[in-house]
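We did not get these values from a lab; they are worked out from the coordinates using the rules stated. Quick caveat: nothing in here was measured; it's all calculated off a predicted structure. Here the Cβ positions follow ideal geometry from the backbone for every residue, glycine too, while neighbour counts run over all protein chains shown.
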């Protein structure tokens, strides 16, 4: 079964600094990969996804992620953190050809320090 | 446009009570998913519908959990004889297409269930 690993539940970043959230996946078939963001009392919102094609994926709010098959990784980055980026971020994977159920990591709570 | 809505947003139940959680997906979305998110954890898959057919219920933790989508639109997740370990946020998501086509899942705000 597919799974993802996110290390470090809380991540602190200074405003204007690089945001880097790590995600490693395990899947028996080429995966679909996702990053979702969750703001307090709101539903999960899709930041970006990788399905096929270009391995560098750009999403909303200036975020991007790169699919690296050799490293089984899909790390999320943003060059310059903004206060509004404070939220919880989840990496997720689903199998190709399956029912599209998502398997989520435990999440990273991002705190932005002024 | 209207997104996925869930009701109630908060539910407090006494241990042993039955609860029903409602999900209204985006109109026209074929697929509907339920996930359970425990405190400090990522969401975990419970069950999946394609229209009115429940195609995967492998994530339901016990036979106390039951889900239905009788007309292929609104779905209800029912938990019988609630236990304290059922306390969690229950998330509903919908997507436009069915199996084999990876469509974005759109999530509702969730129902936060607290069992005392």
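Which value in Å is the Kirkwood Rh of the protein assembly as shown over different Cα pairs?
Numbers: mean 1/r = 0.0552 Å⁻¹.
Kirkwood hydrodynamic radius for the protein assembly as shown: 18.1 Å.
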Candidates A:64, A:15, A:88, ranked by Gaussian network fluctuation over chain A, Cα under 10 Å, top entry: A:15
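What ranking do A:91, A:23, B:23 get, fewest neighbouring Cβ atoms within 10 angstrom at the top? Could the numbers behind the result be given before it?
On the way: A:91 30, A:23 24, B:23 27.
In increasing order of surrounding Cβ atoms, one gets A:23, B:23, A:91.
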Extent along principal axes [Cα atoms of chain A; Å; largest to smallest]: 44, 28, 22
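Can you tell me what the convex hull of the Cα atoms of chain B projects to on average, as an area in nm²?
Numbers: hull surface 27.3 nm².
Hull-based average projected area comes out at 6.8 nm².
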Centre separation in Å (Cα based) which lies between the stretch B:20-39 and the stretch A:10-44: 22
Least to most buried among A:80, A:73, B:27, A:94 (fewest other Cβ within 10 Å first): B:27, A:80, A:73, A:94
Fewest-first ranking of B:69, A:22, using other Cβ atoms within 10 Å as the exposure measure: A:22, B:69
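How big is the Kirkwood radius of the stretch B:38-96, worked out from every pair of different alpha carbons and given in Å to one decimal?
On the way: mean 1/r = 0.0802 Å⁻¹.
After inverting the mean inverse Cα-Cα distance, the result is 12.5 Å.
Which shape class applies to the stretch A:19-85: rounded if a/c is under 1.5, otherwise prolate when a/b exceeds b/c and oblate if not, where a ≥ b ≥ c are the square roots of the Cα gyration tensor eigenvalues? Can you show the working numbers first?
Details: a/c = 2.05, a/b = 1.60, b/c = 1.28.
It comes out prolate by the Cα gyration axes.
Efficiency by 1/(1 + (r/R0)^6): what FRET value for residue B:9 and residue A:17, r their Cβ-Cβ distance, R0 = 35 Å, to the nearest 0.05?
Details: r = 35 Å, r/R0 = 1.00.
Working from the Cβ atoms, E equals 0.50.
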